[in-house]
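Below is one structure; the comments refer to it alone.
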Amino acid sequence: MSDFDLVIRNGTVATAADTANCDIGIKDGVVTTLGRDLAPGVREIDATGRLVLPGGIDSHCHIEQRSSAGVVCADDFYSATVAAAFGGTTTVIPFAAQHRGQSLRRVVEEYGDAARPKAVIDYAFHLIITDPSEQVMGQELPALIRDGYTSFKVYMTYDLLALDDGQMLDILAVARREGAFVMVHAENHEMIKWLTSRLLERGLGAPRYHAVSHARLAEGEATNRAVTLAQLLDVPILLVHVSAGEAIEVIRNAQTRGLKIYGETCPQYLFLTADDLARPGIEGAKYCCSPPPRDKAAQEAVWTGLRNGTFQVFSSDHAPYRFDVSGKLPHGDRTTFKEIANGVPGIELRLPLLFSEGVGQGRLDLNAFVALTATNHAKLYGLYPRKGTIAVGSDADIAIWDPERETTVTAGILHDNVGYTPYEGRRLRGWPVTVLSRGRIVVDDGKLVAGRGSGAFLPCALSEAAKPAGNPVPEFAYTAEQGATLV
């Protein structure tokens, strides 16, 4: 009997820490050996001239989710996970989204029922909390955290999602007590609401005005406020989909001061600008997301943040809505920027875009690419070292890349159910050609070979990243002396 179910030979194996030429031996879905001249496997893959990388983890994507406005994503768990796999991603962490009045526990149960028969790669869930009722905060949320739903997202904007500062503090306090990790969508709701009202009053409803209404100052102010609220309670947070220099500066300064503040950015902030929203007619709606793409200077600020460690993770924020009345355009060509469904697709192109323009253009080294797209996600969300690396004992989640393969992006080559891509016509170099999940081949030479429902749910552990830094504010010292704690 062979020692290995599969051996990957002769590839350049890269993790977040190291790069080596070696073989990988896989047994029962797990990496069991790294070395040279391994014994034969039942199956073998010759990776000569290829890069062998950990499968990507996309920890911010919206799949089979209903928005607060009632619009349903174009992708269900089958189409989204197939698209992710073709792009080199082997784990996704979408959102079980609570809307106001809903039981958080019930939302999670229904989301699991949707994913289980469809997903072709592994998945975990974040929670979205929009209704922090006594039942949710006192019973449901603590119980769900203990069940492996250890991260959740909160919003500082959107009419039906936004939490006020007091509610934010309540949620941060529960996160601190339970060891959970908090993600924050930081934009100043009142600024956006005021700008939107003024623009629409003046008949300025075209897609381009979405970028005007979501001013970068609104992102910067809310980011600063979120950091300050987190600092008050000594709670680590992750600022998601950061787009602008103002917010990046706040995050960088907080990190320099020793706060456990993390940052995430996305492809749209490297490869799109506000000019895309100004395309003729309603075409700009394809590029509307929040925060919106900014300008070339903001793109450079994001690249700098990726290089200098301000950003720990690079996610897609895949929010797929079709370009019709079922998605982006509920009122057809008369849809105003306020009514356009917010979000862009990107789950399949996240890794090829960053590889081509980051690694390929010398902006990032290969190890940083792995950290930003896989390893750091696993560490932040309690999946490391099972996921996010190639190491003995880790799941054999592996993407084998042809670094020289050139691809022209078109909607027709992608596997999501959106019908368009904001990156149409872009020429990329480097593409994953074989993708494994737990040692089983999912994608091979452009063909899907995994079945519906073959992905597995992943309960997440509590993360080291979520532990307080140990920097209480001075005002808490007096209550501590009295034997009282506020968090």
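Can you pull a Stokes-Einstein diffusion coefficient for segment 86-130 at 37 °C (0.692 mPa s), Rh from Kirkwood over Cα pairs, as a whole number of µm²/s?
My calculation gives 288 µm²/s for D.
Of the heavy-atom accessible surface of the chain (probe 1.4 angstrom), what whole percent is carbon and sulfur?
50 percent
Going by Cα centres, segment 60-78 and segment 340-404 are how many Å apart?
Comparing the Cα centres of segment 60-78 and segment 340-404, I get a distance of 23 Å.
Taking the radius of gyration and the Kirkwood hydrodynamic radius from Cα positions alone, what is the Rg/Rh ratio for segment 268-395, to two decimal places?
The Rg/Rh ratio comes out at 1.05.
Rounded to the nearest whole Å³, what is the per residue volume of the convex hull around the Cα atoms of segment 187-321?
Taking only Cα atoms, segment 187-321 has a hull volume of 101 Å³ per residue.
Among the DSSP beta bridges whose two residues both lie in the chain, what percent are antiparallel, rounded to the nearest 5?
Looking only at bridges with both residues in the chain, the antiparallel portion is about 50 percent.
Hey, can you rank 447-458, 64-75, 228-239 by average C-beta count inside 10 Å, highest first?
Descending mean neighbour count gives 228-239, 64-75, 447-458.
Can you tell me which of 181-193, 96-108, 352-364 comes out highest on packing, and rank the rest after it, using the mean Cβ neighbours within 10 Å?
With the highest mean Cβ count within 10 Å placed first, the list reads 181-193, 352-364, 96-108.
Out of residues 5 or more away from residue 45 or on other chains, whose amide H comes under 5 Å of its own, with H placed 1.01 Å from N in the peptide plane?
7, 8, 9
Roughly how many whole Å is it from the C-alpha centroid of segment 222-240 to that of segment 86-133?
The distance from the Cα centre of segment 222-240 to that of segment 86-133 comes to 24 Å.
Can you order the peptides 313-326, 30-43, 367-380, 201-214 by their average number of other Cβ atoms within 10 Å per residue, highest first?
Most protected by this proxy first, the peptides run 367-380, 313-326, 201-214, 30-43.
Give me the orientation-averaged projected area of the Cα convex hull of the chain, in nm², one decimal.
22.6 nm²
Largest first and in whole Å, give the semi-axes of segment 1-86's equivalent ellipsoid, each being the square root of 5 times a Cα gyration tensor eigenvalue.
Listed largest to smallest, the semi-axes of segment 1-86 are 36, 15, 10 Å.
For segment 15-164, what is the accessible area per residue in Å² when the probe is 1.4 Å?
On a per-residue basis, segment 15-164 sits at 35 Å².
Tell me, what ³J(HN,Hα) does each residue in segment 430-443 have, in order and in whole Hz, if you take phi through Karplus 6.51 cos²θ - 1.76 cosθ + 1.60 with θ = phi - 60° and put x for Gly and Pro?
So the Karplus estimates, Gly and Pro as x, are x, 7, x, 10, 9, 10, 10, 10, 6, x, 9, 6, 9, 10 Hz.
Considering only protein heavy atoms, what per residue accessible area in square angstrom results for segment 212-327 with a 1.4 angstrom probe?
Heavy-atom SASA per residue in segment 212-327 reads 31 Å².
Whole-Å semi-axes of segment 82-207's equivalent ellipsoid, largest first, each the root of 5 times a Cα gyration tensor eigenvalue?
Equivalent-ellipsoid dimensions as semi-axes: 29, 22, 13 Å.
Rg and Dmax of segment 352-402, Cα atoms, in Å?
For segment 352-402, the Cα radius of gyration and maximum Cα-Cα distance read 11.7, 33 Å.
Can you pull out the GluC sites (Glu not before Pro) in segment 429-487 that DSSP calls coil and that have at most 11 other Cβ atoms within 10 Å?
In loop regions of segment 429-487 (DSSP not H, G, I, E or B), the sparsely surrounded GluC sites (Glu not before Pro) are 475.
How big is the antiparallel share of DSSP beta bridges in segment 52-141, given as a percent to the nearest 5?
Here the share of antiparallel DSSP bridges comes out near 10 percent.
Give me a comma-separated list of calculated 3J(HN,Hα) values for segment 382-391, in order, Karplus coefficients 6.51, -1.76, 1.60 applied at θ = phi - 60°, integers in Hz, x for any Gly or Pro.
In residue order, the calculated couplings are x, 10, 8, x, 4, 10, x, 8, 10, 8 Hz.
Per residue, how big is the convex hull of segment 1-155 when only Cα atoms are used? Give it in Å³.
Value for segment 1-155: 147 Å³ per residue.
Near residue 193, which lysines are there with a Cα under 19 Å away, not counting those fewer than 8 places off in the same chain?
338
Over its Cα atoms, what ratio of radius of gyration to 2.2 N^0.38 Å does segment 323-425 give?
So the Cα radius of gyration is 1.39 times the expected 2.2 N^0.38 Å.
Using a simple spin-label model with points 7 Å from Cα along the Cα→Cβ vector, what separation in nm is obtained for residue 363 and residue 297?
Those two pseudo-labels are separated by 1.8 nm.
The values are calculated or read from the model by the stated rules, or taken from the named source; none is laboratory data. Just so it is clear, the structure is predicted and the values come from calculations on it, not from any experiment. Every residue, glycine as well, gets a Cβ built from its backbone with ideal geometry; the counts of neighbours run over all protein chains shown. Keep in mind that these areas ignore ligands, DNA and RNA; they rest on the heavy atoms of the full protein, side chains included. Shrake-Rupley method; radii C 1.70, N 1.55, O 1.52, S 1.80 Å.
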